[in-house]
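Undergrad: Quick one: the structure is below, and I'll ask about it shortly.
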Amino acid sequence: RVLVNENLAPDNKKLESIREEARRRAEPAWVKKDEIIVRDGERVDLEDLRILQELGLLGRKTSWLSLLGIVMFTGLAVSFLIICAAKYNFHLTHNMSEVTLYALIMVFEVAIIQLIAAVFPSADTGGSGFMVPIAFATMLISVLIDTRIAVLTAVVLSSIAGLVFGGSYRFFLVGVVGGLAGALSITRHSDRSGLMRSGFIVAAAQMLAVSSVHMIVADFRLDYALIQTAITGMMSAVLTIGTLPFFENLFGVTSSIRFLELANPNQPLLKRMLVEAPGTYHHSIIVGNLAEAAANEIGADALLVRVGSLYHDIGKLKRPYFFIENQLTQDNPHDKLSPSLSTLIITSHVKDGVDMAREAKLPREIIDIIEQHHGTSVVSYFHRRAQENAEKSDESAEVDERDFRYAGPRPRSQEAALVMLGDSVEAAVRSLSKPTPDRIENLVKRIVKDRLNDGQFDECRITFRDLDVVAGAFVRVLTGIFHARVEYPEAVIREMQKRDESRRSPRSREKSGESNA
């Protein structure tokens with residue numbers, strides 16, 4: 001049973017209309033240039049304070065205790081976020097440089113919040129707090145580290161902004177919306193135009209949010225707030241694009257923009273490969289298709305896998321014709337070499353590729369894939385040849401398998417493992433005389449099983465379920481590439497040729513008639 005019923009409620013619309021009417025009736029107050037508002041040592045009244053505040057001459061008093069509180073809150077929030085990332089296997093905890101990068105972005109954003117609070121001392125009672133670019137930090141984190149971390153960061157930074165600006169929930173709510181829009185509107189695959197589109201999305205989301213807040217409590221100028229949130233959204237995108245190279249170079253973290261640039265066919269190494277080793281170039285493209293499809297299935301970095309596949313065999317540029325895909329109609333030079341020497345030439349393309357990648361200043365992630373894409377696997381063809389030669393010559397000494405293995409290291413990431421499998425599977429399926437779907441599936445599963453039993457995946461985070469999913473993705477892609485063609489009978493081919501000739505003959509007669517004329 002209700003004992004007390006409310007009979008009064010605030011009329012925000014009426015209040016805002018009264019304020020607008022008061023502003024309209026108020027006469028402007030002018031302060032002349034060089035006019036003394038208050039002298040040193042004089043008593044200051046409310047009117048003097050109001051004038052000083054309107055002129056921006058009344059600075060915000062810095063409280064070291066409140067500043068210490070903000071630092072402690074930020075430290076606690078960052079610590080809990082890192083613990084959360086480690087517990088749920090977020091991308092953040094994979095290396096220490098990313099943890100340091102994340103902490104620096106947080107400190108940088110908190111410094112921006114404090115700077116805006118100092119420059120606009122009336123922000124806690126007005127609308128200037130809407131100028132805080134929460135989306136700038138979340139966009140950076142989403143591109144450089146992990147979108148899930150960026151989502152959590154949006155809540156933390158918005159809470160800090162709300163505390164700094166007088167505990168106002170207005171700035172918290174609008175900051176959360178803008179931060180989430182920035183984090184979720186871009187991915188690791190976003191380029192510069194994608195980041196600018198995200199800026200428009202952030203601006204629109206913040207304008208909607210501030211309009212919603214104004215409907216709830218109309219205690220700030222909506223027109224000013226809309227302008228501020230629109231500018232903040234676009235500035236977040238501009239700041240993200242401008243600071244990305246700085247953070248990339250400082251921490252060795254590669255953004256999606258850099259990866260997309262490396263995937264351009266006009267890159268010098270890719271152009272060289274197309275001209276000097278065309279077979280390797282097309283092999284790398286197919287490996288990229290395979291590995292990217294598998295990466296999308298198991299949640300690995302598909303863009304890194306694609307770019308890593310394009311560059312994984314650049315070491316073959318040093319001796320392209322020693323690799324079967326580039327020999328075309330030429331004789332195989334390995335026929336004149338011993339198996340051990342051939343193995344040395346084949347395995348050296350990994351070291352050569354690493355050297356070329358470092359010389360070209362490729363990202364560390366790409367170099368790791370080049371170095372690990374063969375792991376410590378056996379060059380089985382030349383190992384068998386060496387065994388056959390030993391049997392024919394009746395040598396008592398056994399052929400040491402270790403002499404025919406790659407130097408390694410084995411794959412240490414899902415992405416490197418996918419490139420290894422894609423590389424092995426593409427070469428094996430291409431050697432099939434009749435690549436039917438069943439034969440492709442059996443071969444793919446056998447190669448995956450062989451690499452697993454050989455211990456090539458012992459140092460990377462890839463599960464048995466992942467390997468099953470990867471095999472299925474490979475089979476689908478390869479079946480589409482090597483699907484059976486319809487074999488036309490000779491009679492049908494001759495009939496088609498006659499039709500082509502009959503279509504061309506009137507035109508040829510017309511041309512001959514014109515020439516005679």
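The values are calculated or read from the model by the stated rules, or taken from the named source; none is laboratory data. This one's a predicted model, so the numbers in the text were calculated from it and none came from an experiment. Glycine also receives a Cβ, built like all others from the backbone with ideal geometry; neighbour counts cover every protein chain displayed.
Undergrad: Pick out the one residue from VAL177, VAL217 that is hydrophobic (A, V, I, L, M, F, W, C), touching a residue at least 12 places away in the same chain (Cβ under 8 Å) and either within 12 Å of ALA135 (Cα to Cα) or touching a Leu at 6+ places or on another chain (Cβ under 9 Å) (or both).
TA: On the way: VAL217 fails: either within 12 Å of ALA135 (Cα to Cα) or touching a Leu at 6+ places or on another chain (Cβ under 9 Å) (or both).
Going through VAL177, VAL217 in turn, the sole match is VAL177.
Undergrad: Still on this model: Identify, please: which residue in the stretch 315-333 is part of a helix (DSSP H, G or I) and either free of Cβ contacts under 8 Å to residues at least 24 places away in the same chain or surrounded by fewer than 18 Cβ atoms within 10 Å (Cβ to Cβ) (or both) and is, among those, farthest from the chain's Cα centre (by Cα)?
TA: PRO333
Undergrad: Pull out all pairs, ordered by first then second residue, where Cβ-Cβ is under 9 Å, the residues are six or more apart or on different chains, the first lies in the stretch 266-281 and is within 9 Å of ASN326 (Cβ to Cβ) and in contact (Cβ under 8 Å) with a residue 40 or more places away in the chain, and the second is aliphatic (A, V, I, L, M) and surrounded by fewer than 19 Cβ atoms within 10 Å (Cβ to Cβ).
TA: Every condition considered, the pairs that remain are PRO278/LEU328; GLY279/ILE324; GLY279/LEU328.
Undergrad: Does the stretch 350-360 include one or more residues that are assigned to a helix (DSSP H, G or I) and over 28 Å from the mean Cα position of the chain (by Cα)? Break it down stepwise before answering.
TA: First, the residues of the stretch 350-360 that are assigned to a helix (DSSP H, G or I): 350-359.
Retained after the next criterion (residues that are over 28 Å from the mean Cα position of the chain (by Cα)): none.
Within the stretch 350-360, not a single residue is assigned to a helix (DSSP H, G or I) and over 28 Å from the mean Cα position of the chain (by Cα).
Undergrad: Cβ-Cβ under 6 Å, sequence separation 6+ or interchain: first residue in the stretch 387-404 and of a type in the set (Val, Ile, Thr), partner modelled with pLDDT of 80 or more and in a helix (DSSP H, G or I). Which pairs?
TA: These pairs meet every condition: VAL399/ALA386; VAL399/GLN387; VAL399/ALA390.
Undergrad: Can you pull out the helices (runs of 4 or more DSSP H) entirely within the stretch 45-122 that have at least 3 residues that are within 30 Å of ARG461 (Cα to Cα), of a type outside the set (Lys, Arg) and at pLDDT 75 or above? Walk me through how you get there before you give the answer.
TA: Values: elements: 46-54, 64-87, 96-119.
Hits in the stretch 45-122: 64-87, 96-119.
Undergrad: Further question on the same structure: Checking the conditions here, which among LEU195, LEU226 is buried (at least 23 other Cβ atoms within 10 Å of the Cβ) and either among the hydrophobic types (A, V, I, L, M, F, W, C) or under 11 Å from PRO133 (Cα atoms) (or both)?
TA: Details: LEU226 fails: buried (at least 23 other Cβ atoms within 10 Å of the Cβ).
Within the list LEU195, LEU226, the selection yields LEU195.
Undergrad: Pull up the stretch 14-44, narrow it to residues that are modelled with pLDDT under 75 and in contact with a helix residue (DSSP H, G or I) (Cβ under 8 Å, 6 or more places away or on another chain), then point me to the one that is farthest from LEU222 (Cα to Cα).
TA: ILE37
Undergrad: Here's something else I'd like to know. So, in the stretch 441-480, how many residues would count as being touching a residue at least 12 places away in the same chain (Cβ under 8 Å) and either in contact with an Asp or Glu (Cβ under 6 Å, 6 or more places away or on another chain) or outside any helix (DSSP H, G or I) (or both)?
TA: Residues flagged as touching a residue at least 12 places away in the same chain (Cβ under 8 Å) and either in contact with an Asp or Glu (Cβ under 6 Å, 6 or more places away or on another chain) or outside any helix (DSSP H, G or I) (or both) within the stretch 441-480 amount to 12.
Undergrad: Follow-up. Which residue out of ASP458, ASP454, ASP438 is acidic (Asp, Glu) and under 27 Å from the mean Cα position of the chain (by Cα)?
TA: Of the residues listed, the single one that is acidic (Asp, Glu) and under 27 Å from the mean Cα position of the chain (by Cα) is ASP458.
Undergrad: When you scan the stretch 431-440, do you find a residue that is in contact with a strand residue (DSSP E or B) (Cβ under 8 Å, 6 or more places away or on another chain) and not aromatic (Phe, Trp, Tyr), even just one?
TA: Checking the stretch 431-440: not a single residue is in contact with a strand residue (DSSP E or B) (Cβ under 8 Å, 6 or more places away or on another chain) and not aromatic (Phe, Trp, Tyr).
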